[in-house]
Amino acid sequence: MALPDRNDLIAFIAEHGGPVDRKQIARAFRLKGAERAALRKLLRELETEGAIDRRQGRRVASGLPEVTVVEVTGRMEDGALLACPARRKGVPAPDIVVNEPGAGPLPATGAKLLVRLRPAGDGGYLARVIRRLTAPAADILGIVAEDGGGLVFRPADRGRHREFTISEAGGAMPGEVVRAAVLPGRRGPRRAIRVVERLGRHDGSGALSTLTLLEHGIKEPFPPEALAEADAAQLPDPARRTDLTGMAFVTVDDEDARDFDDAVFAEPDGEGGWRVTVAIADIASLVMPGSALDREAARRGNSVYMPDRAVPMLPPRLSAGLGSLLPGEERPCLAVELRIGPAGALRGHRFRRGWMRSSARLTYNALQEALNGPDTPPHLAHLEGAFRALERARRRRGALEIDLPERRVVFDREGTPISVVARDRLTAHRIVEEFMIAANVAAAETLEAKGQICMRRVHDRPDPAAVEAMRSLLRDLGYPVSFGELQRPKQFNALLARLADTPFIALVHELVLRAQSRAVYTPELRGHFGLGLARYAHFTSPIRRYADLIVHRALIAALGLGAGRLTDESGFYELAAHISTTERRAAAAERRALDRYAVALLEGRAGEVFEGRIVGVQRFGLFLRLAEEGLDGMLPVAALGSGYFRHDARRHALIGGAAGRAYRLGDTLRVRLTAANPINGGVTLALAEGG
């Protein structure tokens, strides 16, 4: 066997789980003679780089050196860059967030950066760019536009503000979204591009979602071999399963849902408590480990939900057909019965591989109307009764309660977007949420008790540096709080309650969210800070999350429930890092698409006046969140009036100008829309008269 490359070698040492000596490595890779000498040299290089440590002659995977080279791999929802060590791409590595990219346009995906790292507190790192080493010669996306009788290219990337001249249009016309290659040449105000691919008009049906998916590297079509396996899939034999068709299961989802992972049923246990059964689609019976379907699902990691369509993790024949718990259709399931005490304590649980039939497909609004009505059917009233018990337990353990409204795009019958509205937060949503949390806890506890490896969902304690930054900002706003008051979820909730009647409450909710560590997937037992739980795993959505499918397979193996069990436990850390990344990529794409649709609805409304709240203050201007649309827009300092404005970082304010005014974080302003660009999602504002 040939000498392993550095990535394979680091991966082997990381997955070994403890110190490993050179002889063990040589035996594992079957190295002899000169190959062993080359291995010794390679190990020394990796030690010098800081990729591994030597402990009494043995090697262990190391943390990252303070100064290192990283490669940009994508963006987070808030615009920060994600990166990985450049020489360890594809190898298990902690998250790196480039939160200080330096001056100029943001580096594109694939760019290599020399950075200085500091621990983020959640096992990852924050990076400050020291120097930009390379910029990838990648294609860029944008729109063709007219300017002075000629054609120009306007990039979709917010980090690229300059237009490009078009050397080769390839037949593209003004208004078309295109993929373009930047031509070599001297840097300047107008470099040239060549159109590589035409993608349709930016105002056409679905073009903004298509642009966003391309921007984030999310592919829609499935490979032929995966589609062929989906077409050949058959439901399993119900004879060897527990018959649950007599239970009045219901699915509860949004109005536009197409795939139904879960169905619920509740009844009193006769002792003041409840029996809740959560039935989850048995995707493990339809997608076999190592199959083409499985490989593609693992690559995707999760489904992605655009405003106008979904990019499913599994082909539609499974995600919306055989695998979906459709009303009136018999389906295989993996069901968990939860025994819940009167105070909400989880007294016990058992998993069964079942055969069920959903009695009704309810929307959240329909369930809420039934619960609010005078004659609530008993099987629905029982759902609320069991929820109230679980809610009491949630309050006792002090789960974090952050209230940030979610947005959705409303379309007319022709598929044209007509508005962006906040999603209602109903008791019906909370019922399903608490049932799913309880089922996920049961899955994690079962796998731990059986000694079975588990793809856990963990949420570490907040980063102390982020908490300190939040404390500083609150102090500057006139609301001092000690560091010791922000150590547990209950304490964050108390802060939110204390400031509930202040004009800053929406901002404080966002600050609390930003202070939290990111939830990730890992085999490690680290608990879930936000939910106040010691152990947690995602089990309830195997149609749309690969992590849940892995947990299903682990449960089937641990409990001896038949075919579709977990067969390979190697590479779990690498898989956890991958699906954590695909989850963040999906969230960023979904947020970006929402912003683009919201901006598109403002495109023809230049000159109109809106109310906005200042959510960011920089020396070059203010960032405002438009109250009704939920969009962030830029108010340049030049638009604040004549005179010099001083940026007071401590007070989070711009102060000065001819009138000596101060614009502070949290202030509400009346602003006039000057430009809205749905291609890059940008909104530019001016101060309205009397604003």
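The values are calculated or read from the model by the stated rules, or taken from the named source; none is laboratory data. From a predicted model like this one, the values you see are computed outputs, not experimental measurements. With ideal geometry, Cβ positions are generated from the backbone for all residues, glycine too; neighbour counts draw on all protein chains shown. Just the protein is used for accessible areas: all its heavy atoms, side chains included, with ligands, DNA and RNA removed. Shrake-Rupley method; radii C 1.70, N 1.55, O 1.52, S 1.80 Å.
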statement: Expressed in nanometres to one decimal, the distance between label points 7 Å along Cα→Cβ at S419 and T674 is 3.0
task: Take every Cα pair under 8 Å in region 243-291 that's 6+ residues apart, average their separations, divide by the length, and report that relative contact order as a whole percent.
output: 27
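In debye to the nearest 20, how big a dipole does region 283-393 give about its Cα centre with +1 on each Lys and Arg Cβ and -1 on each Asp and Glu Cβ?
That gives region 283-393 a dipole magnitude of about 480 debye.
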field: Percent of alpha-carbon pairs separated by more than 14 Å within region 486-547
entry: 66
message: Debye calculation, C-alpha points only, no solvent: report log10 I(q)/I(0) for region 301-389 at q = 0.10, 0.16, 0.23 Å⁻¹, in the same order as the q values.
response: -0.41, -0.99, -1.17
- prompt: In units of 2.2 N^0.38 Å, what is the alpha-carbon radius of gyration of region 234-386?
  reply: 1.12
- request: Answer with one residue from L43, L3, Y305: the one whose Cα lies farthest towards the positive end of the charge dipole of the chain, charges on Cβ with Lys, Arg +1 and Asp, Glu -1.
  value: L43
query: Counting Lys and Arg as +1 and Asp and Glu as -1, each charge on the Cβ, what is the dipole of region 472-537 about the Cα centre in debye, to the nearest 20?
result: 240
field: Within-10-Å neighbourhood charge of G612 [Cβ basis; K, R +1; D, E -1]
entry: -2
query: Can you give the relative contact order of the chain as a percent, counting alpha carbon pairs under 8 Å and 6+ residues apart?
result: 11
- line: Computed over region 528-646, the Cα gyration tensor eigenvalues, each multiplied by 5 and square-rooted, give semi-axes in Å (largest first) of 48, 17, 13
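Sorted by average packing, counted as other Cβ atoms within 10 angstrom per residue and highest first, what order do 126-132, 313-319 take?
The densest-packed peptide leads the list: 313-319, 126-132.
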- prompt: How much accessible surface area, in Å² rounded to 10, belongs to the heavy atoms of H349 with a 1.4 Å probe?
  reply: 50
message: Considering only C-alpha atoms, what is the centroid distance from region 406-470 to region 247-287, in Å?
response: 17
- line: Here the tail fraction of P(r) beyond 14 Å, over all Cα-Cα pairs of region 223-268, rounds in percent to 71
- prompt: Using the Cα atoms of region 638-691 to build a convex hull, what is its mean projected area in square nanometres?
  reply: 4.4
query: Taking the Cα centre of the chain as the origin and placing charges on Cβ (Lys, Arg +1; Asp, Glu -1), which of V115, S319, N365 is farthest toward the positive end of the dipole?
result: V115
task: Name the aspartates and glutamates eligible as straight-distance cross-link partners of K219: C-alpha to C-alpha under 12 Å, and not fewer than 8 places from it in the same chain.
output: E296
- prompt: To the nearest 10 Å², what's R299's accessible area with a 1.4 Å probe?
  reply: 90
query: Ranked from highest to lowest mean number of other Cβ atoms within 10 Å per residue, what is the order of the peptides 279-291, 426-438, 162-174, 231-243?
result: 279-291, 426-438, 162-174, 231-243
task: Treating cross-link reach as a plain straight distance, find the aspartates and glutamates whose alpha-carbon is under 19 Å from the alpha-carbon of K450, omitting any fewer than eight places away in the same chain.
output: E337, E524, D548, D568, E569
Along each principal axis, Cα extent of region 466-579, largest first, Å: 60, 24, 23
- line: Ranking G530, H382, L133 by how far each Cα lies towards the positive end of the charge dipole of the chain (+1 on Lys and Arg Cβ, -1 on Asp and Glu Cβ), the top one is L133
query: Considering only the other residues whose Cβ falls under 10 Å of the Cβ of I280, what net charge follows from Lys and Arg at +1 and Asp and Glu at -1?
result: -4
- line: The size of the Cβ-based charge dipole (Lys, Arg +1; Asp, Glu -1) of the chain about the Cα centre, to the nearest 20 debye, is 3020
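How large is the helix-only mean residue ellipticity at 222 nm for the chain, computed as the sum of -39500 (n - 2.57) over DSSP H runs with n ≥ 4, divided by its residue count, in deg cm²/dmol to the nearest 500?
The helix contribution divided over the chain gives -9000 deg cm²/dmol.
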Nearest-10 value in Å² for the accessible area of K41, using the 1.4 Å probe: 120
- request: Using packing as a proxy for protection, rank 565-572, 208-215, 520-527 so that the peptide with the highest average count of other Cβ atoms within 10 Å comes first.
  value: 208-215, 520-527, 565-572
message: Report the rotationally averaged projected area of the chain based on its alpha-carbon convex hull, in square nanometres.
response: 35.4
